[in-house]
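The values are calculated or read from the model by the stated rules, or taken from the named source; none is laboratory data. Quick caveat, the model's predicted, so the values are computed rather than measured. Glycine also receives a Cβ, built like all others from the backbone with ideal geometry; neighbour counts cover every protein chain displayed.
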């Protein structure tokens, strides 16, 4: 129990201030006997601090950085709540909460369990992710009402779990809707970080907090998927599947020897097996090459043209069909013609392929 001397000294406390020596304190309630404050006491609010007076559970006056004399003119809300008159000079009771407005950085977030995604290339995959974020108190009054309550010593650890869960939940939703291929996620860390930060910021504001930075440091795949990607990369570096098989066979042959330069029975058996596989592969390659050599190339595609005839487009017509149409008089040198890879319509008589047909085709029989 507090002694009479402590009580007496508590009633005469005339300086209210808070100097923080920790790195994680967000809110501190100034402690004194029976919450008694001497009228005219000096209140010191340092930079990156805000002081909030609470009267019987109701938020009263808010003080920004500065030095204040606690008198009726500096406590308008508390004066109204207490019904003080202008001649009031007595000690009064109120709780004083100091809020630390500095940035709390390097806070960790990460997925406890893998997130399931549907990737366009690999199908369903599971990913994990982690990163850091930074916050600061944006609205002390809202933070006091929504989070702190009557906690006289509130640290960042008391709210970090809730914030981390909020980030992970929104991250899962956003990355699931983004549709970014797994192999392209690393190239989009910065854009995704900014997007998630913008999406989550309003939810932090509802707690009186400001999300000042969010970073994605890593998005990883399960070990078996990463091993498959590594093997796929090795195959690409080896050139093609056949070269990759030969490379693996050669590597296996080079590692079957014993430490003293000899070859064990198991090594010999493996070497023979690898040699047989290589021989079979080479024979298959040779047969494939011979088969490809004996197979004739595909027949070239016949050249065709389109023509403007009687205000309509007719075609595609082969050269034989065009020759017959010239004979019939349906197509002449002034008829507009077009074929694939031409920029526009041209007169048939100006095209090299068709000139020959006009020169070798007799004119139509006079009627």
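Numbers below:
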quantity	calculated
Residue identified as surrounded by 15 or more Cβ atoms within 10 Å (Cβ to Cβ), outside the structural domain of residue 150 (by TED's automatic domain parsing), modelled with pLDDT under 90 and within 20 Å of residue 82 (Cα to Cα) among 51, 36, 41	36
Qualifying position, being more than 22 Å from residue 125 (Cβ to Cβ), surrounded by fewer than 17 Cβ atoms within 10 Å (Cβ to Cβ) and out of contact with any strand residue (DSSP E or B) (no Cβ under 9 Å at 6 or more places or on another chain), among 228, 206	206
Residue that is surrounded by the fewest Cβ atoms within 10 Å (Cβ to Cβ), among those in the range 309-324 that are touching a residue at least 12 places away in the same chain (Cβ under 8 Å) and not in a strand (DSSP E or B)	319
Tabulated pairs, the range 25-49, first free of Cβ contacts under 8 Å to residues at least 24 places away in the same chain, second surrounded by 16 or more Cβ atoms within 10 Å (Cβ to Cβ), C-beta under 7 angstrom, 6+ apart or interchain	32/10
Boolean, residue 145 is touching a residue at least 12 places away in the same chain (Cβ under 8 Å), farther than 17 Å from residue 217 by Cβ and in the same structural domain as residue 31 (by TED's automatic domain parsing)	no
In the range 93-110, the residues that are farther than 20 Å from residue 140 by Cβ and surrounded by fewer than 19 Cβ atoms within 10 Å (Cβ to Cβ)	93, 106, 108, 110
Residue in the range 148-156 that is over 29 Å from residue 205 (Cα atoms), touching a residue at least 24 places away in the same chain (Cβ under 8 Å) and in contact with a helix residue (DSSP H, G or I) (Cβ under 8 Å, 6 or more places away or on another chain) present	no
Within the range 75-95, considering residues that are in contact with a helix residue (DSSP H, G or I) (Cβ under 7 Å, 6 or more places away or on another chain) and not in a loop (DSSP other than H, G, I, E, B), the one nearest to residue 52 (Cα to Cα)	95
